[in-house]
Structure formats: C-alpha cells, structure tokens
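A.B. asks: Attaching a single structure in structure tokens format; questions to follow.
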Amino acid sequence: MQGKIAVEEHFATGATASKSVRFPQDPYWSGIEGKLVDLFDRRLAEMDASGIGCAVLSLNANGIQEIPEIAKAVELAREANNALAAVVAKRGDRFAALAALPMQDAQAAAAELERCVRDLKFKGALVNGFSQVGSADSAVYYDLPQYRPFWAEVERLGVPFYLHPRYSLPSRRQRYEGHPWLIGSPWDFAEETAIHSLRLMGCGLFDDYPKLKIVIGHLGERIPFDLWRLDHRLSKLPGRPAKRTMAEYFRNNFYITTSGNFCTQSLIHAILTVGADRVLFAVDYPFEDHAQAATWFDAAEIAEHDRIKIGRDNARALFGLD
Ligand code: GRE
Ligand code: ZN
C-alpha cells in the first residue's frame, strides 16, 4: 500500500540520542543513535521504499519523563519541541509532530501542549509513561488528582495523547530478578504501559472527560487479550472509582497502533476488540525496520477497506492530517 501514515516514529535531539541505547557495544543498539538523529537522508529513503508517505514523529523514550528536576524537564521539552517544529517546517509533506511534555508539572505540561498545538501546529502529545519527579527513584502516574486540570486541557484542545512505554525503575523490578532480559521492550514495556492505561480507566478519568483520546502502541500493550477476563473478575470484585466497564473505556477512549508488533493474529484481535476505525499503522522506527513493518502490513490477511483505514485514513482523521 502506498501513502501509508506511520504514527509512532521516533527522533532524538543531541541531548536525548544516547538515552534509548541500552547496550552500546551490541550491534543492534550501536546503529540506533545515528538513526534517531537522522531525519532527512536514510529515514526518508526507507520511507519511500516502504510506501510510507508520512511519519508522525515523537521524541525517543524515556525522553523528558526521566528528568526529576522540574525546571530542567520544562526546558528540555521546550527545546525538543522547537527542534521538532523545525524538522516539520522543512518537510511538512512527510512529517507531522507529537509534543514531548514535562509531566513532572501538570500545569507546565498543559501550557506546553497548548503552545505546541496552537503555535507549532503539533497534532497531539506522546508521553513516555510515568514521570520521575523530584528524585530519580519516584514514579508519578497520571491518574493522580493533580493531573485532572491537565486532562481537561487535553480534552479541550481535542488532540490525542499517545501513552508510550518507558523503562521501569530499578527499585521496582523485583519480579525480574535474575532475568534482566525481560526488562525493556521484550516484556516490561507493555506491562508498564498496560498498568498505566488501566489506572487511567479505573480512576474514572473518562467519566469526567469522555472525549479524551488515548493512543497505545504494540497492538494494545496486551490489554485486548485480557480485556474480557479483566471485566469478568472486576464484576465479582467491586471497589474501583470508575462507573463503566473497562471494555467500554477501551472501546470509547483508546486507539491501538501496530508499532513493533507485526503479528496478523494480534492485529485481527485488535480490530475485533476496538473496531477497524481505531487501529492505526505504526513502525516504531528506528527500533523496528520500515521494510519489515510495511511488508507485513501490506500483505496481512485483512479486508482491503480496513487496510486503507488502518494504513492511512484513521491517522488522517485522528491527528487531523491533510
Ligand atoms: C521505543 O520505542 O522507545 C523502544 C526503545 C527501546 C527498544 C525498543 C523500542 O526505547 O521500541
Ligand atoms: Zn516507540
């Protein structure tokens, strides 16, 4: 399929480029930094070769979320967003932007989102999970009461909020003891992002702000597979603030992307769970290959009219792209 839009595509500034690299000596990781900072050469050539017309760009993880000093987080988010705006200004035909946000301060995050949407024409925000606030060993999640005014602003602006994975804190990884290979993208990323999504659903956020649009990647961070059981067990074990079932919030307030999860069975399950209007194509470049993602998606056994929606039209509608 030509003219695909890919919606979880990462870049880095000089300040953040090394942050996503876990094992610099390893061949997989050694190429990542260069690909994160390259925007116009290799990236555009690969997009051309894979039928990707537009990439919706976001700062690499953990990005702003791992900066405990509030003032520094605010400043770096602003710098990263300005750098991204300059990229989109050069190639608005190929790129759109999602804002990095200093969630360490809910008010500052709302103000930066408003600036990015109003002045820089960004299409939404991408946030890398919880924020470390004040000290490195802290994890602040956005279901907490101090974020309600932030969510009110997101709803008012009408833009999507992409909840992206991040590395969990070393002090909170007892369950991986002796098995460090599970940390990060192989398993822990989805676990972390799923829990955060469930916290947002369970706290009643979407009762108060029913128009919020949350995007999650990796074909739903494992939530679709367990959604029935989640509501099944919750129906027997009451005690959460939210008014509706988790499935209702998931179908009304969430969108799912294919980033880094090129499995047709899981794609079909995602479509069956939230509907073909709420699934979007994404690669997760440079952690994944454009060609592998596109070759899989173009041939996946789904209806052609769903391929057009998932590959292009849903992203156009959700992010307001031309
Ligand atoms: C990401 O999307 O941010 C990411 C990483 C590290 C490995 C895989 C991955 O930061 O998708
Ligand atoms: Zn990603």
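A.B. asks: Given the condition among the hydrophobic types (A, V, I, L, M, F, W, C), within 16 Å of ligand 1 (Cβ to nearest atom) and open to solvent by 10 Å² or more (accessible area, probe 1.4 Å), answer yes or no: does some residue in segment 277-288 qualify?
C.D. replies: yes
A.B. asks: Being hydrophobic (A, V, I, L, M, F, W, C), more than 17 Å from the chain's Cα centre (by Cα) and more than 18 Å from Lys19 (Cβ to Cβ) is the filter here; which residues of segment 154-174 pass it?
C.D. replies: We begin by selecting, within segment 154-174, every residue hydrophobic (A, V, I, L, M, F, W, C); these are 154, 157, 159, 161, 163, 169.
Okay, now just the ones that are also more than 17 Å from the chain's Cα centre (by Cα), so 157, 169.
Across segment 154-174, the qualifying residue is only Leu157.
A.B. asks: Further question on the same structure: Provide a single number: the residues in segment 18-28 that are hydrophobic (A, V, I, L, M, F, W, C) and within 15 Å of ligand 2 (Cβ to nearest atom).
C.D. replies: Count: 1.
A.B. asks: Could you list, in sequence order, all residues of segment 273-288 that are without any contact (Cβ under 8 Å) to a residue 40 or more places away in the chain and at positive phi?
C.D. replies: Gly275
A.B. asks: In addition: So Tyr147 passes all but one of these: (1) out of contact with any helix residue (DSSP H, G or I) (no Cβ under 7 Å at 6 or more places or on another chain); (2) in a helix (DSSP H, G or I); (3) closer than 15 Å to Leu163 by Cα. Which condition number does it fail?
C.D. replies: Answer for Tyr147: the failing condition is (1).
A.B. asks: Let me ask something else about it. Inside segment 254-264, can you point out the residues that are more than 16 Å from ligand 2 (Cβ to nearest atom) and either closer than 20 Å to Ser235 by Cβ or buried (at least 22 other Cβ atoms within 10 Å of the Cβ) (or both)? Even if it seems obvious, please write down each step before you answer.
C.D. replies: Going through segment 254-264, the residues more than 16 Å from ligand 2 (Cβ to nearest atom) turn out to be 254, 263-264.
Within segment 254-264, just Phe254 meets the criteria.
A.B. asks: Turning to a different aspect of this structure: Applying the selection to segment 219-236, what residues are part of a helix (DSSP H, G or I) and either crowded, with 23+ Cβ neighbours inside 10 Å or touching a residue at least 12 places away in the same chain (Cβ under 8 Å) (or both)? Walk me through how you get there before you give the answer.
C.D. replies: Pass one, segment 219-236, residues part of a helix (DSSP H, G or I): 223-236.
Within segment 219-236, Ile223, Pro224, Phe225, Leu227, Trp228, Leu230, Asp231, Leu234 meet the criteria.
A.B. asks: Applying the selection to segment 170-218, what residues are open to solvent by 10 Å² or more (accessible area, probe 1.4 Å), closer than 22 Å to Gly63 by Cα, assigned to a loop (DSSP other than H, G, I, E, B) and not basic (Lys, Arg)?
C.D. replies: Listed by number, the residues that qualify are Ile183, Ser185, Pro186, Trp187, His218.
A.B. asks: Could you tell me whether Gly320 is surrounded by fewer than 20 Cβ atoms within 10 Å (Cβ to Cβ) and modelled with pLDDT under 95? Before the answer, list the steps.
C.D. replies: Working: surrounded by fewer than 20 Cβ atoms within 10 Å (Cβ to Cβ): yes; modelled with pLDDT under 95: no.
Judged against the criteria, Gly320 is not a match.
A.B. asks: If you check Ser20 against the conditions, is it among the small types (Gly, Ala, Ser), more than 22 Å from Glu114 (Cα to Cα), crowded, with 20+ Cβ neighbours inside 10 Å and out of contact with any strand residue (DSSP E or B) (no Cβ under 7 Å at 6 or more places or on another chain)? Can you show your working first?
C.D. replies: On the way: among the small types (Gly, Ala, Ser): yes; more than 22 Å from Glu114 (Cα to Cα): yes; crowded, with 20+ Cβ neighbours inside 10 Å: yes; out of contact with any strand residue (DSSP E or B) (no Cβ under 7 Å at 6 or more places or on another chain): yes.
For Ser20, the condition - among the small types (Gly, Ala, Ser), more than 22 Å from Glu114 (Cα to Cα), crowded, with 20+ Cβ neighbours inside 10 Å and out of contact with any strand residue (DSSP E or B) (no Cβ under 7 Å at 6 or more places or on another chain) - is met.
A.B. asks: Quick check on this structure: which one of Ala97, Ala61, Ala73 is in contact (Cβ under 8 Å) with a residue 40 or more places away in the chain, touching a strand residue (DSSP E or B) at 6+ places or on another chain (Cβ under 6 Å), of a type outside the set (Ser, Thr, Tyr) and crowded, with 16+ Cβ neighbours inside 10 Å?
C.D. replies: Numbers: Ala61 fails: touching a strand residue (DSSP E or B) at 6+ places or on another chain (Cβ under 6 Å); Ala73 fails: touching a strand residue (DSSP E or B) at 6+ places or on another chain (Cβ under 6 Å).
Unique residue meeting the criteria: Ala97.
A.B. asks: On to the next question. Take Ala315 and decide whether it is of a type in the set (A, V, I, L, M, F, W, C), surrounded by fewer than 23 Cβ atoms within 10 Å (Cβ to Cβ), assigned to a helix (DSSP H, G or I) and away from ligand 1 (no atom under 16 Å from the Cβ). So that I can check it myself, show each step before the final result.
C.D. replies: On the way: of a type in the set (A, V, I, L, M, F, W, C): yes; surrounded by fewer than 23 Cβ atoms within 10 Å (Cβ to Cβ): no; assigned to a helix (DSSP H, G or I): yes; away from ligand 1 (no atom under 16 Å from the Cβ): yes.
So Ala315 fails the test.
A.B. asks: To continue, here is another question. For segment 25-139, which strands (runs of 3 or more DSSP E) that fit wholly inside it have 2 or more residues that are of a type outside the set (D, E, K, R), in contact with a helix residue (DSSP H, G or I) (Cβ under 8 Å, 6 or more places away or on another chain) and within 16 Å of ligand 1 (Cβ to nearest atom)? Step through it out loud before you land on a result.
C.D. replies: Details: elements: 52-59, 95-97, 125-127.
Those strands (runs of 3 or more DSSP E) span 52-59, 125-127.
A.B. asks: Only one of Ala291, Ala270, Ala315 is touching a residue at least 60 places away in the same chain (Cβ under 8 Å), aliphatic (A, V, I, L, M) and in contact with a Leu (Cβ under 6 Å, 6 or more places away or on another chain). Can you tell me which? Before the answer, list the steps.
C.D. replies: Details: Ala291 fails: in contact with a Leu (Cβ under 6 Å, 6 or more places away or on another chain); Ala270 fails: touching a residue at least 60 places away in the same chain (Cβ under 8 Å).
After applying the criteria, what remains is Ala315.
A.B. asks: Still on this structure, I have one more. For Ala15, all conditions in the list (1) closer than 23 Å to Phe281 by Cα; (2) more than 16 Å from ligand 2 (Cβ to nearest atom); (3) among the hydrophobic types (A, V, I, L, M, F, W, C); (4) in contact (Cβ under 8 Å) with a residue 40 or more places away in the chain hold save one; what is the number of the exception?
C.D. replies: For Ala15, the exception is condition (1).
The values are calculated or read from the model by the stated rules, or taken from the named source; none is laboratory data. Everything numeric in this text was worked out from a predicted model, so none of it was measured. Ideal geometry is used to build each Cβ from the backbone, glycine not excepted, and the neighbour counts take in all protein chains shown. The accessibility values were calculated without ligands, DNA or RNA, using every heavy atom of the protein model including side chains. Shrake-Rupley method; radii C 1.70, N 1.55, O 1.52, S 1.80 Å.
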